[in-house]
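Scroll down for the structure; my scribbles are underneath it.
The values are calculated or read from the model by the stated rules, or taken from the named source; none is laboratory data. All values reported here derive from a predicted model rather than from experimental measurement. Cβ coordinates were reconstructed from backbone atoms using ideal geometry, including for glycine residues, and neighbour counts include every protein chain displayed. For accessibility, only protein heavy atoms count, side chains too; no ligands or nucleic acids. Shrake-Rupley method; radii C 1.70, N 1.55, O 1.52, S 1.80 Å.
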2 protein chains.
Amino acid sequence: MTTSPVTGAELARSLEPLGVAVPSAVPTHWYNLAADLPEPVPPHLHPGTREPLGPEDLAPLFPASLIEQEVATERYIEIPETVREIYGMWRPSPLVRARRLERVLGTPARIYYKYEGVSPVGSHKPNTAVAQAYYNALEGTTKLTTETGAGQWGASLSFAGALLGLEVEVWQVRASFDAKPYRRLQMEAYGGICHPSPSDLTEAGRAILAEHPDTTGSLGMAISEAVEVAANDPGAHYSLGSVLNHVMLHQTVIGQEAMVQLEEAGEPVAHTVFGCAGGGSNLAGLTFPFLGRNLREGTTTRLVACEPAACPSLTQGEYRYDFGDVAGLTPLLKMYTLGNDFVPPAIHAGGLRYHGMSPMVSHAVALGLMEATAIEQDDALAAGLLFARAEGIIPAPESTHAVAAAIEHARTVTEPEVVVIGLSGNGQLDLPAYSRYV
Amino acid sequence: MTTSPVTGAELARSLEPLGVAVPSAVPTHWYNLAADLPEPVPPHLHPGTREPLGPEDLAPLFPASLIEQEVATERYIEIPETVREIYGMWRPSPLVRARRLERVLGTPARIYYKYEGVSPVGSHKPNTAVAQAYYNALEGTTKLTTETGAGQWGASLSFAGALLGLEVEVWQVRASFDAKPYRRLQMEAYGGICHPSPSDLTEAGRAILAEHPDTTGSLGMAISEAVEVAANDPGAHYSLGSVLNHVMLHQTVIGQEAMVQLEEAGEPVAHTVFGCAGGGSNLAGLTFPFLGRNLREGTTTRLVACEPAACPSLTQGEYRYDFGDVAGLTPLLKMYTLGNDFVPPAIHAGGLRYHGMSPMVSHAVALGLMEATAIEQDDALAAGLLFARAEGIIPAPESTHAVAAAIEHARTVTEPEVVVIGLSGNGQLDLPAYSRYV
């Protein structure tokens, strides 16, 4: 036989819909929280002028459709059918009642988890990767550069690039690159290219290495490298897996589905929703549709951002304008930040190691629309193990922060209530994180 | 907070149904091919007397319900509701039209894949693990021992043990134990205990190590160890992840679902079905319901067992009685075999490294009801990579054998026909297998 490896680009995808049937439970639109906020999200600023960014400022890095979505204020934005067809591979993701966990905890709470680990790469990240790859391919981009922490994002963009015909080049935080070799192999299986960051391939990387030759890296450093390469290559654009408004938007399929699934399960009221928070995309995706309903209809669903105690932007950071990266190449974003030179310890939840927090999430927290709590790594992973043995699913280290907060809450309630956990991914490629706890 | 790890046994499961809604597409019964075969499957023989086994011969190793299923001849056996509820976590598994793969191949074939990688451990193995753990727990077993190759089976039984309250102790073929550390971590996350095999914990293991201190192990050796421990512990039973008739039975949920899903997709006729074959359980699960229809209704769906060229029991073995293990502790099984002392090379598809083949599959092949083909590892993994980049799912190395055979077939057909691929699992924990090919 003559089968031989091919690259994603060689497969030369059509961006037209394939005409496959998509489950009707897959949302047709993304939900935009900006339409319902009592005050607008502070704009991103140009790093030189400190004036609000215009579309032309972002054009070197992003396609026009995503720049529009970054500042959009309409409530619903239609999901292109090609994107929706790919969503249909694993969406709607399951909303599962955690009955065995409830029994173990002896809680009167009814606990549900919304499980994004069913996607082909095992996390929620493809929800935006597919959308970003689609709009880029549609506007003629041939290559995307990006950063990744634990690797879920790099793998997700590589997956999307393979399906939609884009080259993908990834800078992975060295701590995760070294600790989690399977993620690099996953990116490569999809045809992506993965470098450890900081690397000697960029000016930003070389400058960091000159000053800190032994650094374990950070998302801020990796962003600098990926942005630099995209800005200098006319066929390339940059893609960000969290933080920005359009990323939050794409993830809202999670919460929209969860609200319908709760209704179908006979639960019109959701009391408390727990989501893990790194850059904010899984949290926003799950909670923004609930928050929109709170704002429009006066419901009182409590929304809790669960961040690692080792990287506590929401609970310990300052709410101010800061750069998204170390080198100061990105726009200034109004957000809770630990400072763009903050390098968190090499915790297992690599996806939560970011110095800042999504401006939309930050804004919601600053307005008192959402709460935040910090979880110690030991508590998070112990909760993850309890969840795995009760429910049969091993959570991603990131997700265990939401699991831990929800378990702590469920142990204290004395009346029945509905608790929703955002299970952002599975821990199959992060199993070494659990090894000291078993 | 006070979360601390707990073992599966401490969670002390109830075996009563939880009362959760199970999707109606999850089968209510397993299908038993024995009811439709033109000649009965040759019985297993006692290794001493060479007489057909009685139930009492198997009682030290298996619970009565599974011994009954091993020789059952009724066409349908009801799935206990507790088992069906757990199936509902991930079943029905998706049947997906591989439109991008079709486009890449330029084939007139309509290719579908039945994807078992959505289970919590990422393969088809939980279909029988949950059933076996359930019947054992119901009859008072407190611990299960087993062997595992690549680790899918050991992880699946650990998963089932965690949900149903059984201790699980696994002997893993050393080649895989060393090459795939994540699988051991997965077993441990579920509370299982995993040893490399051969080990110095059993007489069988010590005897093998005395003769072959550097052996990479084999499933036959690991079975000897697990059987020995179960036979000497009154609270323990043994559990096998493939080969035996009751295991084939439990896996038939795969093919039953696939037939319904094809009908729903407007495909009343399935021309060719490809499944990978190691011990035979994924193959049987997918193909036996189609074969039963061929036998009952005269349909002519072609069924193809795809085995590794490095371990070619069906295409190169002898059809005769042989032991299931190296030490000769198991019953004699009538099967295609390479000899119970055959040690295959350390190929990546650890789940296909078995010297024999399920007696039911062997019987079907011997009667001419099913075909077999052998695939070289390089061709299998190259096909797997092509599939990953076209369809977005990285197949398990075992599954790539079916993918390769199906691709080869699809490239040759000149008329439209329906091809079904059994995608027995995903390759997330087997990514190093692909590293030479990317």
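Data overview
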item	result
Residues whose placed amide H lies under 5 Å from that of residue B:148, excluding near-sequence neighbours	B:171, B:172, B:173
Where labels lie 7 Å past Cα in the beta-carbon direction, separation of residue A:411 and residue A:320 in nm	3.7
In Å², nearest 10: area of residue A:321 left accessible to a 1.4 Å probe	60
Listed residues B:115, B:101, B:137: farthest to the positive end of the dipole of segment B:91-152 (Cβ charges)	B:101
Range of Cα positions in segment A:33-82 per principal axis (Å), largest first	38, 31, 9
Amide proton proximity set for residue B:278, modelled H, under 5 Å, gap of 5+	B:283
Equivalent ellipsoid dimensions for segment A:108-184 as semi-axes, Å, which come from the Cα gyration tensor, largest first	25, 18, 9
Cα gyration tensor shape of segment B:162-229, rounded if a/c is under 1.5, else prolate or oblate by comparing a/b with b/c	oblate
Solvent-accessible area per residue for segment A:92-235 (1.4 angstrom probe, square angstrom)	28
Global form of segment B:245-392, assessed from the alpha-carbon gyration tensor, a/c cut-off 1.5	oblate
Dimensions (Å) - segment B:93-244, Cα atoms, principal axes, largest first	56, 40, 28
Anisotropy class of segment A:1-154 from Cα gyration tensor, a/c 1.5 cut	oblate
Rg and Dmax [Cα atoms of the protein assembly as shown; Å; Rg one decimal, Dmax integer]	26.7, 91
Sum of -39500 (n - 2.57) over DSSP H runs of 4+, divided by residues of chain B (222 nm, nearest 500)	-11000 deg cm²/dmol
All lysines inside 27 Å of residue B:114 as judged from Cα atoms, apart from same-chain residues fewer than 8 positions distant	A:114, A:125, B:125, B:180
Gaussian network model of chain B, springs between alpha carbon atoms under 10 Å - residue of B:92, B:359, B:42 with greatest fluctuation	B:42
The protein assembly as shown, accessible surface, carbon-and-sulfur percent (1.4 angstrom probe)	51
Chain A: translational diffusion in µm²/s, Stokes-Einstein, Kirkwood Rh over Cα pairs, 20 °C, 1.002 mPa s	100
Inter-copy spacing of residue A:52 label points, which lie 7 Å from Cα along Cα→Cβ, given in nm from shortest upward	8.4
GluC sites (Glu not before Pro) lying in DSSP loop within segment A:375-438, provided at most 15 other Cβ fall within 10 Å	A:376
Cα coordinate range in segment A:318-359, projected on the principal axes (Å, largest first)	28, 19, 14
Per residue accessible area of segment A:357-408, 1.4 Å probe, in Å²	18
Chain lengthening between residue A:76 and residue A:29 when straightened (0.36 nm per residue, less Cα-Cα)	16.3 nm
Axis-nearest residue of B (beta carbon) for the B-onto-A rotation, whole Å	B:428, 2
Using a 7 Å Cα-to-Cβ projection, residue A:73 label spacings across copies, nm, ascending	7.9
Bridge type composition, chain A - antiparallel percent by DSSP, nearest 5	35
For segment A:134-197 and segment B:323-342, distance of Cα centres in Å	46
Rounded accessible area of residue A:124 (nearest 10 Å², 1.4 Å probe)	20
Alpha-carbon gyration tensor eigenvalues x 5, square-rooted, for segment B:200-296, Å	39, 15, 9
More than 15 angstrom apart: percent of Cα pairs within segment A:346-417	62
Loss of accessible area when A meets B, both sides summed, Å² nearest 100, probe 1.4 Å	5300
